[in-house]
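Since the structure comes first, as structure tokens, the remarks are kept for the end.
Just so it is clear, none of the values below were taken in a lab; they were calculated from the coordinates. What you see is a predicted model; the values in this text were computed from it and never measured. Please note: Cβ atoms are built from the backbone with ideal geometry, for glycine as well, and neighbour counts cover all protein chains shown.
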Amino acid sequence: LNPIYAALPTTIFEKMSAIARETGAINLGQGFPDAPGPEDIRRAAADALIERSNQYPPMLGIPELRQAIAAHYGEHHGLALDWRTEVVVTSGATEAIAGAILSLVAPGDEVVLIQPLYDAYLPMVRRAGAVPKLVRLEPPDWTIDPAALDAAISERTRLIILNNPANPTGRMVDRATLEMIAERCVRHDIVALCDEVWEHIVFDGGHVPLIALPGMRDRTVKIGSAGKIFALTGWKVGWMVAGETLARQVAKAHQFLTFTTPPNLQWAAAQGLAKPKAWFEEMRAGFARSRDRLVAGLETAGYAVLPSQATWFVSVDLTASGIALDDVAAADRLAMEGGVVTIPVSAFFEEAPVTNILRLCYCKEDAVLDEAIARLARMR
Ligand code: GLN
């Protein structure tokens, strides 16, 4: 047995969702909406399943989706991408992340990771034989300190993994910090792996992709997700875009991880990406309403909520809420006695965890949020 995997616990998302399934608690843990998702996109997938090919699509993805991704990023971010050579469709963003890590680092290379970190990154970095170097952020602002980043970089640094907007914090990296990171990448010849799956679920101004910054066009792998953009998390349709050299390299890993992704889902994702900008604004406005509803309810119930600028998540500061339990104990109590499942944010730390914050997923029907708020209010 590979010791890296033998030592790994089951992910916190599966663990907490299992508690919700077993106890019937409201699940504000794992990030997924309870709405069925855009009907026209689901209909396009269903139609394509009957009317279009169900054989192996091209390894890099069907042309229609690669074209749609390139056009979408042109329209939304001003990026000029060659769909033939710079876009690779993957089976979810997680596969794109795995493929990038496996193909871009060699044993002994160092990889800079930002804590709190999405839990998939570190095991893949270790399995690739690379050495993780962690930069730890502090609540409530979770800002990246240039000195801490510099301390994590050495001449062996090959890759930095940046999740922006960030899960679990819901924070966006501001432009000055992106420029600071880009300057380090250029100066030290580092490739940036940018997990930007939350790029459309942003509430405080537009998302700025690191790949758009000076010097980053050919040293950034930008990862996106149809599951997140269209609130269809089970689809597992993701992609990576990068300059040709990096894209070709990641495609080498992709060809032996999954090789390809169901063509009908690719087709439907392409239809979705072509939607007008107003559609994305409306989608954002709907999520903003749900976020505001949960935040207002939590605050009325006496919980201290940290500001969330993006993602499907908000955070409760237990200490500031006057709750003396650590996050794991609080999450257990809320789930078992309160009937609401949350995620303890210490699960996103490898070392020196922040232990007083819970992550709550707000993308639920109003009635579900209201019932969760009522239950949480009874636990005060
Ligand atoms: N991205 C999801 C979340 O943060 C989890 C995905 C998963 O469970 N693999 O909740």
Amide H contacts under 5 Å for ARG136, placed H, 5+ residues apart: GLN115
Rounded to whole Hz, the Karplus (6.51, -1.76, 1.60) HN-Hα couplings of the range 4-16, x for glycine and proline: 5, 6, 4, 7, 7, x, 5, 4, 4, 5, 5, 4, 6
Taking the chain as a Gaussian network, Cα atoms linked when under 10 Å apart, which of GLN115, GLN30, GLN255 shows the biggest mean-square fluctuation? GLN255
Is there a pair in LYS252/LYS275; LYS236/LYS277; LYS228/LYS252; LYS222/LYS275 whose C-alpha atoms are over 27 Å apart, and which pairs would that be? LYS252/LYS275
Test of understanding: what is the full-extension gain from GLU281 to ALA176, defined as 0.36 nm times their sequence separation minus their Cα-Cα distance? 35.3 nm
With a point put 7 Å past each Cα toward its Cβ, work out how far THR11 is from ASP47 in nm, to one decimal. 3.2
With a 10 Å radius around each residue's Cβ, average the other Cβ atoms per peptide and rank 152-162, 53-63, highest first. 152-162, 53-63
Gain in length, ARG289 to ALA18, computed as 0.36 nm per residue apart minus the alpha-carbon separation, to one decimal in nm? 94.8 nm
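Can you list the equivalent-ellipsoid semi-axes of the range 1-91, largest first and in whole Å, using the square root of 5 times each Cα gyration tensor eigenvalue? Could the numbers behind the result be given before it?
On the way: eigenvalues 227, 90, 56 Å².
That gives 34, 21, 17 Å for the three semi-axes.
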Across VAL314, VAL173, VAL241, the residue with the highest GNM fluctuation in the chain (Cα network, 10 Å cutoff) is VAL173
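When every alpha-carbon pair in the range 162-288 is counted, what percent end up more than 16 Å apart?
In whole percent, the long-distance tail amounts to 67.
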Subtracting the Cα-Cα distance from 0.36 nm times the residue separation, let me have the gained length for GLU244 to ASP141 in nm, one decimal. 33.5 nm
So the pair-distance distribution of the range 88-161, from every Cα-Cα distance in 5 Å bins, comes to percents of 3, 16, 26, 22, 17, 11, 4, 0
Would you kindly derive the ³J(HN,Hα) couplings of the range 369-380 from the backbone phi angles with the Karplus curve 6.51 cos²θ - 1.76 cosθ + 1.60 (θ = phi - 60°), listing them in order in whole Hz, with x for Gly and Pro? 4, 5, 5, 4, 4, 4, 5, 5, 5, 5, 8, 6
Under 5 Å between amide hydrogens, which residues at least 5 positions from ALA192 or on another chain qualify, with H placed 1.01 Å from N in the peptide plane? ILE160, THR220, VAL221
Hits in the range 308-334: amide N under 13 Å from the 7 Å Cα→Cβ extension of HIS76, namely 311
With a 10 Å cut-off between alpha carbons and a GNM built on the chain, which of ILE201, ILE12, ILE190 moves the most? ILE12
